[in-house]
Amino acid sequence: MTYPIADLHCDLLSFLAAVPGADAFSKDQIPCAFPWLQEGEVKMQVMAIFTNVDQSSMKMAGMQAEIFYDLLRKEEKTVAMFDSDFLKNHTSDDRIGIIASVENAAGFGHEKATWPEIYKQFDRMLATVGQLAYISLTHHTENRFGGGNYTEGIGLKEDGKRLLDYMVGKKIPIDLSHTSDLLAEGILNHIDRHNLHIPIIASHSNFRALWDNKRNLTDEFAQEVIKRGGIIGVNFLREFLDQNVPERLFEHILHGNKMCEDAICFGADFFYTQNFPEESRQPLYFPLAENAGKYPSILESLSKTLSESHLKKLAFENVFNFYRNLWS
Ligand SMILES: [Zn+2]
């Protein structure tokens, strides 16, 4: 089964920024190394600029934006910017289309940054990476913008509203994958109340109806994403699928496909696992989805259940259509 693959989330940039000796071409180092992406027929890969909430977040984010910029130039035989031109010409280009995203707005502003500093950092990063596939206000924890997945009861803060307002007109979606439920609600309400043109997606999340974890979407929030024309990328991490049943991956995909065949896509979430602190989460991935080379076999397994047109939508069409519409 060979379809091109589009994937909404990997952490190659933070790996390259933080790990000594990190090599984007080393299959032993990271499951989304370029050779794995090529083996899996990946045609489009979102690369997250990930930062923690701390004093160094703006510096770390700036560094990852620079790394992304350098990849486009130094590795131009392997990767190209994923943009409207790439969408038009991808069938005659054998490179991987890449685009950055921001996972944690702490990368735009640490807790003590002033707003002129935040706007400046935002503008500079956006200029460096060209365009952003999406912005996530938080990661797991709380920051000045709102509450992350594991911060129940903390929603959208005034600074979060201000950042959303700044995103208007820039054709950058807001990502619900790392929000608390209250933050997701706050974002949707703020957008509706002020009629803001900001698309909504969930870049790398599964379904809470199948596996109860705060990182997964309730069906209610999934429907909100779908209703607004967004896309939902299925996450391959064991922790968010089902700790014991590898095949649950297929059930999450089928659940999303049933909700809306035009919204479901991949958001595998491959990252550097060799310094991962929580022993209980090892192995991070099941063998059937342990690296980006596995997409063809995943599609093969799904071909028993999904029609060819649904497989194609899942593999890349939904993502391509979403960005084609957004940027047209
Ligand atoms: Zn994440």
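The values are calculated or read from the model by the stated rules, or taken from the named source; none is laboratory data. It should be emphasised that the depicted structure is a prediction, and the values quoted were computed from it without experimental measurement. Quick reminder, even Gly has a Cβ in these numbers, built from the backbone with ideal geometry, and neighbours come from all protein chains shown.
Annotations
- Evaluating Tyr134 against the criteria (1) in contact with a strand residue (DSSP E or B) (Cβ under 7 Å, 6 or more places away or on another chain); (2) assigned to a loop (DSSP other than H, G, I, E, B) leaves one unmet condition, (2).
- In the stretch 253-286, the residues that are away from the ligand (no atom under 16 Å from the Cβ), over 22 Å from Trp36 (Cα atoms) and part of a helix (DSSP H, G or I): Leu254, His255, Gly256, Asn257, Lys258, Met259, Glu279, Ser280
- Boolean, Leu254 is buried (at least 16 other Cβ atoms within 10 Å of the Cβ) and under 17 Å from Leu210 (Cβ atoms): yes
- Restricting the first member to the stretch 96-116 and to residues that are at pLDDT 95 or above, and the second to residues that are within 13 Å of the ligand (Cβ to nearest atom) and of a type in the set (D, E, K, R), the beta-carbon pairs closer than 9 Å and six or more apart or on different chains are Ser101/Asp175; Val102/Asp175; Glu103/Asp11; Glu103/Asp175.
- Among residues of the stretch 122-147, those that are touching a residue at least 40 places away in the same chain (Cβ under 8 Å), surrounded by fewer than 21 Cβ atoms within 10 Å (Cβ to Cβ) and away from the ligand (no atom under 15 Å from the Cβ), counted: 6
- Extreme residue, surrounded by the fewest Cβ atoms within 10 Å (Cβ to Cβ), among residues of the stretch 272-296 that are polar (S, T, N, Q) and in contact (Cβ under 8 Å) with a residue 24 or more places away in the chain: Asn275
- Residues of the stretch 165-179 that are within 14 Å of the ligand (Cβ to nearest atom) and either among the small types (Gly, Ala, Ser) or part of a loop (DSSP other than H, G, I, E, B) (or both): Leu176, Ser177, His178.
- Here the helices (runs of 4 or more DSSP H) wholly within the stretch 1-85 that include at least 3 residues being aliphatic (A, V, I, L, M) and either within 16 Å of the ligand (Cβ to nearest atom) or modelled with pLDDT of 95 or more (or both) are 12-18, 57-74.
- Note on the stretch 168-193: residues that are within 15 Å of Leu132 (Cβ to Cβ) and either surrounded by fewer than 18 Cβ atoms within 10 Å (Cβ to Cβ) or among the β-branched types (Val, Ile, Thr) (or both) amount to 6.
- Hits in the stretch 180-193 - residues which are within 16 Å of the ligand (Cβ to nearest atom) and either touching a strand residue (DSSP E or B) at 6+ places or on another chain (Cβ under 8 Å) or free of Cβ contacts under 8 Å to residues at least 24 places away in the same chain (or both): Ser180, Leu183
- Looking only at the stretch 148-158, and only at residues there that are under 13 Å from Ala105 (Cβ atoms) and buried (at least 20 other Cβ atoms within 10 Å of the Cβ), the one that is nearest to the ligand (Cβ to nearest atom): Gly148
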